[in-house]
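Below is one structure, written out as C-alpha coordinates; comments come after it.
The values are calculated or read from the model by the stated rules, or taken from the named source; none is laboratory data. Only a predicted model underlies this, so the values are computations on that prediction, with no experimental measurement involved. Every residue, glycine among them, receives a Cβ derived from its backbone with ideal geometry; neighbour counts consider all protein chains shown. For the accessible areas, the whole protein counts, side chains as well, though only heavy atoms, and no ligand, DNA or RNA atoms are used. Shrake-Rupley method; radii C 1.70, N 1.55, O 1.52, S 1.80 Å.
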Amino acid sequence: MPPTPILTRPIRILVADDHPVVRTGLVAVLRSETDLLTVAEAENGGQAIALYREHHPDVVLMDLRMPGTNGVAAIRTITEEDPAARILALTTYEGDADIRRALDAGARGYLLKDMLLTDVVGAIRAVCRGERVIPLAVAARMAQHPQGRPLTERELEVLALVAKGMSNREVAEAIGRTDETVKIHLKSIFAKLEVTDRTGAVTTALSRGLIHMD
(Lines give C-alpha, C1' and ligand atoms only; values in the text may rest on other atoms or scores of the structure.)
Protein backbone atom coordinates (compact mmCIF):
# COMPACT_ATOMS: atom_id res chain seq x y z
CA MET A 1 0.00 0.00 0.00
CA PRO A 2 1.45 3.41 -0.95
CA PRO A 3 2.09 5.87 1.89
CA THR A 4 -0.74 8.22 2.78
CA PRO A 5 0.01 11.68 1.38
CA ILE A 6 0.34 14.53 3.89
CA LEU A 7 -2.44 17.04 3.34
CA THR A 8 -1.53 20.68 2.93
CA ARG A 9 -5.17 21.73 3.23
CA PRO A 10 -7.86 21.20 5.89
CA ILE A 11 -9.17 17.65 6.35
CA ARG A 12 -12.56 17.51 4.66
CA ILE A 13 -15.18 15.72 6.76
CA LEU A 14 -18.67 14.29 6.20
CA VAL A 15 -20.75 13.96 9.39
CA ALA A 16 -23.57 11.39 9.29
CA ASP A 17 -25.96 11.24 12.26
CA ASP A 18 -29.75 11.29 12.40
CA HIS A 19 -29.87 13.53 15.49
CA PRO A 20 -29.63 17.24 14.54
CA VAL A 21 -28.37 18.21 17.99
CA VAL A 22 -25.53 15.68 17.78
CA ARG A 23 -24.58 16.82 14.28
CA THR A 24 -24.65 20.45 15.32
CA GLY A 25 -22.43 19.75 18.32
CA LEU A 26 -19.92 17.78 16.27
CA VAL A 27 -19.77 20.38 13.54
CA ALA A 28 -19.25 23.15 16.12
CA VAL A 29 -16.28 21.28 17.60
CA LEU A 30 -14.80 20.56 14.19
CA ARG A 31 -15.23 24.17 13.14
CA SER A 32 -13.04 25.27 16.06
CA GLU A 33 -10.11 23.31 14.61
CA THR A 34 -8.28 25.16 11.82
CA ASP A 35 -7.18 21.95 10.08
CA LEU A 36 -10.69 20.44 9.92
CA LEU A 37 -13.50 21.39 7.53
CA THR A 38 -17.03 19.93 7.51
CA VAL A 39 -18.11 19.70 3.87
CA ALA A 40 -21.45 17.90 4.31
CA GLU A 41 -23.95 16.57 6.85
CA ALA A 42 -26.18 13.51 6.41
CA GLU A 43 -29.16 12.42 8.49
CA ASN A 44 -29.31 8.81 7.26
CA GLY A 45 -27.18 6.20 5.56
CA GLY A 46 -28.61 6.71 2.11
CA GLN A 47 -27.87 10.40 2.24
CA ALA A 48 -24.35 9.68 3.54
CA ILE A 49 -23.67 7.49 0.51
CA ALA A 50 -24.96 10.15 -1.89
CA LEU A 51 -22.97 12.93 -0.21
CA TYR A 52 -19.81 10.82 -0.19
CA ARG A 53 -20.14 10.33 -3.93
CA GLU A 54 -20.63 14.08 -4.36
CA HIS A 55 -17.91 15.42 -2.07
CA HIS A 56 -15.36 12.59 -1.68
CA PRO A 57 -14.42 13.73 1.84
CA ASP A 58 -11.14 12.74 3.49
CA VAL A 59 -12.90 11.31 6.56
CA VAL A 60 -16.46 10.27 7.37
CA LEU A 61 -17.92 10.25 10.89
CA MET A 62 -20.68 7.63 10.67
CA ASP A 63 -23.33 6.85 13.25
CA LEU A 64 -24.55 3.25 13.08
CA ARG A 65 -28.12 3.74 14.25
CA MET A 66 -29.93 5.68 11.54
CA PRO A 67 -33.28 5.25 9.77
CA GLY A 68 -33.49 3.59 6.38
CA THR A 69 -30.01 2.54 5.35
CA ASN A 70 -28.12 2.06 8.62
CA GLY A 71 -24.54 3.05 9.25
CA VAL A 72 -23.02 -0.39 8.70
CA ALA A 73 -24.75 -0.76 5.34
CA ALA A 74 -23.60 2.74 4.36
CA ILE A 75 -20.01 1.95 5.37
CA ARG A 76 -20.06 -1.22 3.31
CA THR A 77 -21.45 0.53 0.22
CA ILE A 78 -18.97 3.39 0.43
CA THR A 79 -15.93 1.17 0.96
CA GLU A 80 -16.97 -1.20 -1.82
CA GLU A 81 -17.09 1.76 -4.20
CA ASP A 82 -13.97 3.40 -2.73
CA PRO A 83 -11.66 1.00 -0.82
CA ALA A 84 -9.53 3.99 0.21
CA ALA A 85 -12.44 5.61 2.09
CA ARG A 86 -11.59 6.54 5.67
CA ILE A 87 -14.63 6.05 7.87
CA LEU A 88 -14.88 6.37 11.64
CA ALA A 89 -17.87 4.77 13.33
CA LEU A 90 -19.10 7.16 16.05
CA THR A 91 -21.96 5.56 17.93
CA THR A 92 -23.64 4.64 21.21
CA TYR A 93 -23.48 0.95 20.27
CA GLU A 94 -20.77 -0.67 22.39
CA GLY A 95 -21.38 -4.39 21.88
CA ASP A 96 -18.57 -6.49 20.47
CA ALA A 97 -20.85 -7.64 17.64
CA ASP A 98 -21.57 -4.02 16.69
CA ILE A 99 -17.86 -3.25 16.65
CA ARG A 100 -17.01 -6.25 14.48
CA ARG A 101 -19.83 -5.50 12.03
CA ALA A 102 -18.58 -1.95 11.50
CA LEU A 103 -14.94 -2.97 11.14
CA ASP A 104 -15.82 -5.87 8.84
CA ALA A 105 -17.80 -3.43 6.68
CA GLY A 106 -14.68 -1.30 6.24
CA ALA A 107 -14.59 1.25 9.07
CA ARG A 108 -11.04 2.38 9.94
CA GLY A 109 -11.95 3.12 13.55
CA TYR A 110 -14.67 2.80 16.17
CA LEU A 111 -15.48 5.51 18.70
CA LEU A 112 -18.20 5.72 21.35
CA LYS A 113 -20.16 8.93 21.67
CA ASP A 114 -19.41 9.24 25.38
CA MET A 115 -15.71 9.63 24.60
CA LEU A 116 -14.19 13.10 24.82
CA LEU A 117 -14.60 15.24 21.73
CA THR A 118 -10.84 15.75 21.80
CA ASP A 119 -10.56 12.00 21.21
CA VAL A 120 -12.79 12.37 18.16
CA VAL A 121 -10.65 15.17 16.76
CA GLY A 122 -7.49 13.16 17.34
CA ALA A 123 -9.05 10.08 15.74
CA ILE A 124 -9.98 12.07 12.62
CA ARG A 125 -6.39 13.19 12.19
CA ALA A 126 -5.06 9.68 12.84
CA VAL A 127 -7.40 8.05 10.33
CA CYS A 128 -6.53 10.71 7.77
CA ARG A 129 -2.87 9.73 8.23
CA GLY A 130 -3.79 6.16 7.34
CA GLU A 131 -3.90 4.80 10.89
CA ARG A 132 -6.61 2.66 12.43
CA VAL A 133 -8.27 3.84 15.63
CA ILE A 134 -9.45 1.30 18.20
CA PRO A 135 -9.49 2.87 21.69
CA LEU A 136 -8.58 0.66 24.65
CA ALA A 137 -12.18 0.53 25.89
CA VAL A 138 -13.35 -0.73 22.50
CA ALA A 139 -10.53 -3.25 22.21
CA ALA A 140 -11.29 -4.53 25.71
CA ARG A 141 -14.93 -5.03 24.77
CA MET A 142 -13.91 -7.15 21.80
CA ALA A 143 -11.44 -9.11 23.90
CA GLN A 144 -14.18 -10.05 26.37
CA HIS A 145 -15.87 -12.07 23.65
CA PRO A 146 -13.38 -13.62 21.24
CA GLN A 147 -15.11 -14.48 18.01
CA GLY A 148 -16.21 -18.10 18.24
CA ARG A 149 -19.07 -19.78 16.44
CA PRO A 150 -21.24 -16.96 15.07
CA LEU A 151 -25.01 -17.16 15.16
CA THR A 152 -26.59 -17.87 11.80
CA GLU A 153 -29.02 -15.42 10.18
CA ARG A 154 -31.89 -17.74 11.13
CA GLU A 155 -30.70 -17.96 14.73
CA LEU A 156 -30.48 -14.17 14.93
CA GLU A 157 -34.00 -13.94 13.52
CA VAL A 158 -35.31 -16.42 16.10
CA LEU A 159 -33.50 -14.58 18.90
CA ALA A 160 -34.93 -11.22 17.84
CA LEU A 161 -38.45 -12.67 17.91
CA VAL A 162 -37.86 -14.24 21.32
CA ALA A 163 -36.67 -10.82 22.54
CA LYS A 164 -40.10 -9.45 21.58
CA GLY A 165 -41.68 -11.90 24.01
CA MET A 166 -42.90 -14.46 21.47
CA SER A 167 -43.48 -18.06 22.49
CA ASN A 168 -41.90 -20.93 20.58
CA ARG A 169 -45.16 -21.47 18.73
CA GLU A 170 -45.41 -17.81 17.77
CA VAL A 171 -41.80 -17.81 16.58
CA ALA A 172 -42.47 -20.96 14.54
CA GLU A 173 -45.46 -19.32 12.86
CA ALA A 174 -43.46 -16.15 12.15
CA ILE A 175 -40.62 -17.99 10.41
CA GLY A 176 -42.77 -20.67 8.79
CA ARG A 177 -41.23 -23.59 10.64
CA THR A 178 -42.30 -26.08 13.32
CA ASP A 179 -42.06 -25.74 17.09
CA GLU A 180 -39.44 -28.48 17.08
CA THR A 181 -37.29 -26.54 14.62
CA VAL A 182 -37.45 -23.49 16.87
CA LYS A 183 -36.37 -25.61 19.84
CA ILE A 184 -33.38 -26.84 17.82
CA HIS A 185 -32.44 -23.27 16.93
CA LEU A 186 -32.72 -22.20 20.58
CA LYS A 187 -30.56 -25.10 21.73
CA SER A 188 -27.86 -24.01 19.29
CA ILE A 189 -28.20 -20.37 20.39
CA PHE A 190 -27.85 -21.31 24.07
CA ALA A 191 -24.71 -23.33 23.34
CA LYS A 192 -23.07 -20.57 21.28
CA LEU A 193 -23.87 -17.84 23.81
CA GLU A 194 -23.06 -20.10 26.77
CA VAL A 195 -26.40 -19.54 28.48
CA THR A 196 -29.08 -21.91 29.75
CA ASP A 197 -32.38 -20.20 28.97
CA ARG A 198 -34.24 -17.70 26.80
CA THR A 199 -33.79 -14.82 29.24
CA GLY A 200 -30.05 -15.34 29.39
CA ALA A 201 -29.85 -15.55 25.60
CA VAL A 202 -31.76 -12.30 25.08
CA THR A 203 -29.83 -10.45 27.79
CA THR A 204 -26.47 -11.57 26.40
CA ALA A 205 -27.44 -10.84 22.81
CA LEU A 206 -28.61 -7.32 23.64
CA SER A 207 -25.50 -6.50 25.68
CA ARG A 208 -23.23 -7.72 22.90
CA GLY A 209 -25.11 -5.95 20.12
CA LEU A 210 -26.10 -9.18 18.38
CA ILE A 211 -29.67 -7.87 18.30
CA HIS A 212 -31.28 -4.53 19.07
CA MET A 213 -34.74 -3.64 20.30
CA ASP A 214 -35.12 -0.65 17.96
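Select from the range 175-198 the residues that are more than 19 Å from ALA97 (Cβ to Cβ) and open to solvent by 60 Å² or more (accessible area, probe 1.4 Å) and list them in ascending order. Working first, answer last.
Going residue by residue through the range 175-198, those that are more than 19 Å from ALA97 (Cβ to Cβ) are 175-184, 187, 196-197.
Of everything in the range 175-198, those that are more than 19 Å from ALA97 (Cβ to Cβ) and open to solvent by 60 Å² or more (accessible area, probe 1.4 Å) turn out to be ARG177, THR178, GLU180, LYS183, ILE184, LYS187, THR196, ASP197.
When you look at ASP214, is it open to solvent by 60 Å² or more (accessible area, probe 1.4 Å), assigned to a loop (DSSP other than H, G, I, E, B), within 30 Å of LEU26 (Cα to Cα) and touching a residue at least 60 places away in the same chain (Cβ under 8 Å), yes or no? So that I can check it myself, show each step before the final result.
Values: open to solvent by 60 Å² or more (accessible area, probe 1.4 Å): yes; assigned to a loop (DSSP other than H, G, I, E, B): yes; within 30 Å of LEU26 (Cα to Cα): yes; touching a residue at least 60 places away in the same chain (Cβ under 8 Å): yes.
When the stated conditions are applied, ASP214 passes them.
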Within the range 91-131, of all residues that are within 14 Å of MET62 (Cβ to Cβ), open to solvent by 10 Å² or more (accessible area, probe 1.4 Å) and hydrophobic (A, V, I, L, M, F, W, C), the one modelled with the highest pLDDT is LEU103
